[in-house]
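Single-structure report; data block below.
The values are calculated or read from the model by the stated rules, or taken from the named source; none is laboratory data. Bear in mind the structure is a predicted one, so any value in this text is a computation, not a measurement. Because the Cβ atoms are built from the backbone with ideal geometry, glycine has one as well, and the counts that use them run over all protein chains shown. Surface accessibility is based on the protein's heavy atoms, side chains included, excluding ligands, DNA and RNA. Shrake-Rupley method; radii C 1.70, N 1.55, O 1.52, S 1.80 Å.
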Amino acid sequence: MTVSHPLRRTARLFHPAAPGIAAALLFSVTGCQKAAPPPPPPVQVTVAPVEQRDLPVTQEWVSSLYGFVDAQVRAQVSGNLLKQDYREGTTLHKGDVLFEIDPRPFQAALAQAKAQLAQAQAQLGKTEEDVKRYEPLAKDQAISQQEMDDAVQANLAAKAQVAAGEAAVAQAQLNLDFTRVTSPIDGVAGLTQVQVGDLVGPGTGVLTTVSTLDPMKVYFPISEQSYLAFVRQHPDAGGFPADVKLDLILSDGSVYPYPGKFYASDRQIDPNTGTLQIAATFPNPQGFLRPGQYGRVRAVVQVVKDALLVPMRALNELQGGYQIATVDDGNKAHLQTVQLGPQVGNLAVIERGLKPSDKVIVDGFAKVREGTTVNPQPYRPAAGAAAP
């Protein structure tokens, strides 16, 4: 049996080349490991400073225009239309004749009423003479008291007949006058809705409309929320601030050169729309405005003192609220929950959550988290947009 010597085993275990082999193995292992990746570059964002200034808050409402008075002219008696006495679209004065209805039936009715009145007056004269003649006879008891009483009552009845006849004559004269349809106001006449020869009357509808064009009435609805805000700010204003200057924006986008003013508010909130109807007046010396036009009424309803303004693009809606990301002096992003105020153009008023010295992220909010390092670049609004 052969037994290995312990020194020989040790010699085989610690071979002279073993340290070199181990070093080579260690080098190969360390060489396979990758170097740690560099930190990511800062997120590039655009930022804008918060602006603090007094801000006039404007509101606009869709409006419709009417004449200060729009008088609908109707026939008050029935008959054939004989003549149109006015030129459509011209200025009229109160009392100018617009149409003439065939007067002959009404002339005949007037003549008949006058004849009946004459009969009643003749009968009255007879009964008055009877009373005068019967009075001394009744005192001398030459006639009975009943005959005297009959004479007195006949005289009273004759007086009533005369009064009725006079009323009939007045009504007949009025009907005859109604055959000449006149303008009830000063204003501009509209197009006629009937033609000569038509049978017109109280049931035929509007013949034409005459409108007072200076000033014009402009109606616009405000929301119930706006009404409540106005009442709190101006308790004695009747639902709308009376001293506010109103601008009228026409359908082509131009601004009417004459400012308007508050005239009246409706008595109730419309239950179907939840709005309150407001009436304003606008001067119209050249007759430029016409009934039926549409436009928008604009007014400065409030001035917010020392308002904090940021671009609307900086706002991010989250579960019914709004967040804004700010950047500190170390270029770290911080998320802030803010309370939004009124919007003016491309700017929003921040009522709570920001300081005047803050800088807000306008573009790049989705790329940042709390504490993210950013590379802020100045925000440049598009041409024509309001910049803070």
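Dimensions of segment 189-264 along the principal axes, based on C-alpha atoms and rounded to the nearest Å, stand at 59, 30, 19, largest first. Only helical runs count toward this figure. For the chain, summing -39,500 (n - 2.57) over DSSP H runs of n ≥ 4 and dividing by all residues gives -9000 deg cm²/dmol at 222 nm. Translational diffusion coefficient of segment 44-183 (Stokes-Einstein, Kirkwood radius from Cα pairs, 10 °C, 1.306 mPa s): 73 µm²/s. Accessible area per residue was computed with a 1.4 Å probe on protein heavy atoms; Ser223 scores about 40 Å². Net charge in the neighbourhood of Gly260 (other residues with Cβ under 15 Å of its Cβ; Lys, Arg +1, Asp, Glu -1) is +1. The angle separating the long axis of helix 18-32 from the principal Cα axis of greatest extent in the chain is about 10 degrees. Given a 1.4 Å probe and the protein chains as shown, Val196 ends up with an accessible area of around 90 Å².
Suppose every K and R has +1 on its Cβ and every D and E has -1 on its Cβ; what is the size of the dipole of segment 218-278 about the Cα centre, in Debye to the nearest 20?
Taking the Cα centre of segment 218-278 as origin, the dipole is about 120 debye.
Here Lys132 is the anchor, and the aspartates and glutamates within straight C-alpha reach of less than 18 Å, apart from those fewer than 8 places off in the same chain, are Asp140, Glu147, Asp149, Asp150.
Of the listed residues Thr212, Thr179, Thr273, the order by accessible area with a 1.4 Å probe, largest first, is Thr273, Thr212, Thr179.
The distance linking segment 343-382 with segment 122-196 is 89 Å (Cα centroid to Cα centroid, whole angstrom).
Amide hydrogen proximity for Asn284: with H placed 1.01 Å from N in the peptide plane, the residues at 5 or more positions away or on another chain lying under 5 Å are Met216. Pairs over the 21 Å Cα-Cα cut-off, from the set Lys305/Lys355; Lys94/Lys245; Lys217/Lys245; Lys245/Lys355; Lys332/Lys359: Lys94/Lys245; Lys245/Lys355. Only one item in [x] 0.93; [y] 2.25; [z] 1.00 matches Cα Rg over 2.2 N^0.38 Å derived from the coordinates shown, and that item is [y]. Sorted largest first by accessible area at a 1.4 angstrom probe radius, with every protein chain in place, the residues Thr275, Thr326 fall in the order Thr275, Thr326. Once both axes come from the Cα atoms, what is the angle between helix 104-139 and the longest principal axis of the chain, in degrees from 0 to 90, rounded to 10? Helix 104-139 and the main axis of the chain meet at about 50 degrees. Less than 5 angstrom separates the built amide H of Glu51 from those of Leu309, all sequence-distant by 5 or more or on a different chain. Here the Karplus curve 6.51 cos²θ - 1.76 cosθ + 1.60, taken at θ = phi - 60°, turns the phi angles of segment 44-52 into couplings of 7, 9, 9, 10, 9, x, 6, 9, 10 Hz, with x standing for Gly and Pro.
Ordered by 1.4 Å accessible area with all protein chains kept, Leu191, Leu174 run largest first as Leu191, Leu174.
Taking every Cα-Cα distance in segment 52-120 and sorting them into 5 Å bins from zero, the calculated P(r) comes out as 3, 10, 12, 13, 11, 10, 9, 6, 6, 4, 4, 3, 3, 2, 2, 1, 1, 0, 0 percent. Our Cα-only numbers for segment 111-164 put the radius of gyration and Dmax at 13.0, 45 Å. Taking amide H atoms as placed 1.01 Å from N in the peptide plane, the amide H of Gln336 lies under 5 Å from those of Ile324, Ala325, Thr326, each 5 or more residues away in sequence or on another chain.
To test your reading of the geometry: what angle, between 0 and 90 degrees and rounded to tens, separates the Cα axis of helix 224-233 from the longest principal axis of the chain? The helix 224-233 is inclined about 90 degrees to the chain. Note: segment 105-254, Cα convex hull, 290 Å³ per residue.
Charged neighbours of Ala299, selected by a Cβ distance under 13 Å, balance to +1 (K, R count +1; D, E count -1). Taking the Cα centre of the chain as origin and assigning +1 to Lys and Arg Cβ atoms and -1 to Asp and Glu Cβ atoms, the resulting dipole is close to 3320 debye. Scaling against 2.2 N^0.38 Å puts the C-alpha radius of gyration of segment 207-335 at 1.47.
Using +1 at the C-beta of Lys and Arg and -1 at the C-beta of Asp and Glu, which of Ala314, Pro271, Pro285 has the Cα lying farthest in the positive direction of the dipole of segment 253-318? Projecting each Cα onto the dipole axis, the largest value belongs to Pro285.
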